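First up is the structure itself, then whatever we jot down about it.
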Amino acid sequence: MSKQSPLKVASLGLQHVLAMYAGAVVIPLIVGGALGLTAAQLTYLVSIDILMCGIATLLQVWKNKFFGIGLPVVLGCTFTAVSPMIAIGTQYGINSIYGSILASGLIVIIISKFFGKLARFFPPIVTGSVVLIIGITLIPVAINNLGGGQGAADFGDLNNVALGFGTLLFIIFMYKFSSGFVRSISILLGLLVGTFAAFFLGKVDFSSVVSATWLHMPHFFYFGTPTFNVTAIITMTLVAIVSLVESTGVYYALGEITDKEISEDDLARGYRSEGLAIMIGGLFNAFPYTAFSQNVGLIQLSGIKTRNVIYTTAGILIFIGFVPKIGAFTTIIPSSVLGGAMVAMFGMVIAAGIKMLSKVDFASQENLLIIACSVGMGLGVTVVPELFAQIPESFQILTENGIVAGSLTAIFLNIVFNIIPTKGKVKEARIEGQNVA
């Protein structure tokens, strides 16, 4: 391949940043908004998230003996972590979020060598159900924001509703009538256009930008010493495992694009990088990270597969992360505009779950029952959390969170129906073997 000019490498790196930027900054805004953080805290959260996206990407692209898969992959915070983080923060406090992130990152590092062998316990029937449950539990967050924010004095105001649906319609319009890179940044463009419209309605406050500094250093445990809650750790570990399964798909896709065969050792280094990224995120009060699939599409579109471009992307992200003034601009996006974009983004999480489930054999009644029970249990416990209030506290660890309850139901039923052999299946296998003979 001919050597790329520095200007072209820089422009391609910036293109990758733009493709993932909306997905990266929206997550701290959603989580921070749901937990009632101040503008200054939100600015820190956005800035540290962008900085850690860059560091997490470097850890994955830099291939060495211990970590790094060495593929042109960009890492960002996983959307599957949003609902669990909000639930953990609301119930146990923000420090429990970071305790669970640190613990889940350590668990990922520990299992990284063996995760390929554990994957049989997390087939599409399980991961699809988990992602579907997470997506469904996120939609109320999006609708509350679309109305102006839960508890807002002007909740449901026509201006808020118009801004929210206007942003959503603009994103849909962009998807319909654009293609390539412009289509890949349609969410970001929707947020920009929605905020511009909100400015003329007097709903944009620039005070957080004015008060933000030009340079800051990351803080260990910015929100305080992390606390470790068993339920929170189980929840975040399940999220991390689902992210590993998603990342595995990204690794294989990039391997195919770059004509590189992915070995078990490559996967182990990739998983270990994600575990390290999750732990570093926890130390600085950022988020758990995973491989971003939208950047894979960009590599296919551009045809440029070199790691130099991704190193440049990581460098740009790290630079932006050190400048809170840039991060503060994202905090001026009104809740209603954010809510409109969230409907599309969280709907895509549900769609991703359905896509995973599309690989499942729906002719099997057992598989239908696994989906029915896991999604039913996950949604049911989320809507009626007091259902198991009377059972012993030691068991409530597994029942007080809808995502945990639904995920464990899917894992257990998959083992019962698809891993433990039944008499009927053993008999069918014998008959097939005889026919082959």
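The values are calculated or read from the model by the stated rules, or taken from the named source; none is laboratory data. Owing to the predicted nature of the structure, the values given are computational and were not obtained by experimental measurement. Methodologically, a virtual Cβ is constructed for each residue, glycine included, from the backbone with ideal geometry; neighbour enumeration extends over all protein chains shown. Please note that ligands, DNA and RNA were not included when accessible areas were found on the heavy atoms of the full protein model with its side chains. Shrake-Rupley method; radii C 1.70, N 1.55, O 1.52, S 1.80 Å.
Some values worked out for this structure:
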{"read-out": "Hits in the range 254-293 - residues which are in a helix (DSSP H, G or I) and open to solvent by 40 Å² or more (accessible area, probe 1.4 Å)", "value": "256, 264, 265, 272, 276, 279, 280, 283, 293"}
{"read-out": "Options 277, 286; residue that is modelled with pLDDT of 75 or more and farther than 30 Å from residue 151 by Cα", "value": "277"}
{"read-out": "Any pair with Cβ under 6 angstrom, 6 or more apart, that starts in the range 325-345 at a residue that is farther than 18 Å from residue 34 by Cβ and part of a helix (DSSP H, G or I) and ends at one that is modelled with pLDDT of 80 or more and among the aromatic types (Phe, Trp, Tyr)", "value": "325/214"}
{"read-out": "Count of residues meeting criterion [at pLDDT below 85 and not in a loop (DSSP other than H, G, I, E, B)] in the range 201-230", "value": "5"}
{"read-out": "Some residue of the range 160-173 being open to solvent by 90 Å² or more (accessible area, probe 1.4 Å) and in contact with a Phe, Trp or Tyr (Cβ under 8 Å, 6 or more places away or on another chain)", "value": "no"}
{"read-out": "Selection status of residue 190, modelled with pLDDT under 75, open to solvent by less than 40 Å² (accessible area, probe 1.4 Å) and not hydrophobic (A, V, I, L, M, F, W, C)", "value": "no"}
{"read-out": "Condition broken by residue 195, with the remaining ones in (1) loosely packed, with under 12 Cβ neighbours inside 10 Å; (2) under 30 Å from residue 158 (Cβ atoms); (3) polar (S, T, N, Q) satisfied", "value": "(1)"}
{"read-out": "In the range 24-59, the residues that are open to solvent by 10 Å² or more (accessible area, probe 1.4 Å) and of a type in the set (Gly, Ala, Ser)", "value": "33, 34, 36, 39, 40"}
{"read-out": "Counted residues, the range 62-100 - those being modelled with pLDDT of 85 or more and surrounded by 24 or more Cβ atoms within 10 Å (Cβ to Cβ)", "value": "6"}
{"read-out": "Odd one out for residue 113 among (1) open to solvent by 20 Å² or more (accessible area, probe 1.4 Å); (2) at pLDDT below 80; (3) part of a loop (DSSP other than H, G, I, E, B)", "value": "(2)"}
{"read-out": "Count - residues of the range 317-373 that are open to solvent by less than 10 Å² (accessible area, probe 1.4 Å) and either touching a strand residue (DSSP E or B) at 6+ places or on another chain (Cβ under 6 Å) or small (Gly, Ala, Ser) (or both)", "value": "8"}
{"read-out": "Qualifying residue in the range 59-76 (condition: among the small types (Gly, Ala, Ser), closer than 20 Å to residue 286 by Cα and part of a helix (DSSP H, G or I))", "value": "no"}
{"read-out": "Of all residues making up the range 390-413, the number that are open to solvent by less than 50 Å² (accessible area, probe 1.4 Å), among the hydroxyl-bearing types (Ser, Thr, Tyr) and modelled with pLDDT under 80", "value": "1"}
{"read-out": "Condition check for residue 244: in contact with an Asp or Glu (Cβ under 7 Å, 6 or more places away or on another chain), buried (at least 19 other Cβ atoms within 10 Å of the Cβ), at pLDDT below 85 and not in a loop (DSSP other than H, G, I, E, B)", "value": "yes"}
